[in-house]
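Okay, structure first, notes after.
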Amino acid sequence: MHMERTLSSLALVVRDYDEAIAFFTQALRFTLVEDTPQTEGKRWVVISPGEGGAALVLARAVTPEQESRIGDQTGGRVFLFLRTSDFWDDYHHMLAHGVQFMEQPRHEPYGTVVVFQDLYGNKWDLIQPAG
């Protein structure tokens, strides 16, 4: 029997739900999929860059250890990879919305790519695959 499986979502530790929602929906043009209140001030917040990919669950840090991981969930390496079909449109939109880029866009054998940081300092690749 063949079992189909996908990675549906990833948790991203954030400082504040509302500032994270604003950044991802405005600067990165993600869609707010769900924002459901839970107990003790927690919320189930899901954002998505589009159809067919993994969503992000925005998880507000509630302990000092979690707070220490905000913006550095991977020890400083690129953490998430945002695939686009229109690199330059996304790049210019992000620039206009204050997204911090770590380098100039570059062309690699696998596509056009640039490293950027989200509002907390997590490193991302914006990639438009070649061909």
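The values are calculated or read from the model by the stated rules, or taken from the named source; none is laboratory data. Predicted model only: the values in this text are computed from it and were never measured. When we count neighbours, we look across all protein chains shown, and the Cβ atoms used for this are built from the backbone with ideal geometry, even at glycine. Heads up: the accessible areas ignore ligands, DNA and RNA and are worked out on the full protein's heavy atoms, side chains in. Shrake-Rupley method; radii C 1.70, N 1.55, O 1.52, S 1.80 Å.
Brief remarks on what is shown
- Some residue of region 78-98 being of a type in the set (Val, Ile, Thr) and modelled with pLDDT under 95: no
- Taken over region 96-119, the residue count meeting the criterion of being of a type outside the set (A, V, I, L, M, F, W, C), within 23 Å of residue 70 (Cβ to Cβ) and open to solvent by less than 30 Å² (accessible area, probe 1.4 Å) is 1.
- Any hit, region 95-113, residues being touching a residue at least 40 places away in the same chain (Cβ under 8 Å) and touching an Asp or Glu at 6+ places or on another chain (Cβ under 9 Å): yes
- Scanning region 91-131 for residues that are assigned to a strand (DSSP E or B), of a type in the set (S, T, N, Q) and farther than 21 Å from residue 72 by Cα yields a count of 2.
- Listing of strands (runs of 3 or more DSSP E) fully contained in region 1-90 that carry 3 or more residues being open to solvent by 80 Å² or more (accessible area, probe 1.4 Å), in contact (Cβ under 8 Å) with a residue 24 or more places away in the chain and within 16 Å of residue 117 (Cα to Cα): none
- Residue 93 being over 17 Å from residue 12 (Cβ atoms), surrounded by 14 or more Cβ atoms within 10 Å (Cβ to Cβ) and not aliphatic (A, V, I, L, M): yes
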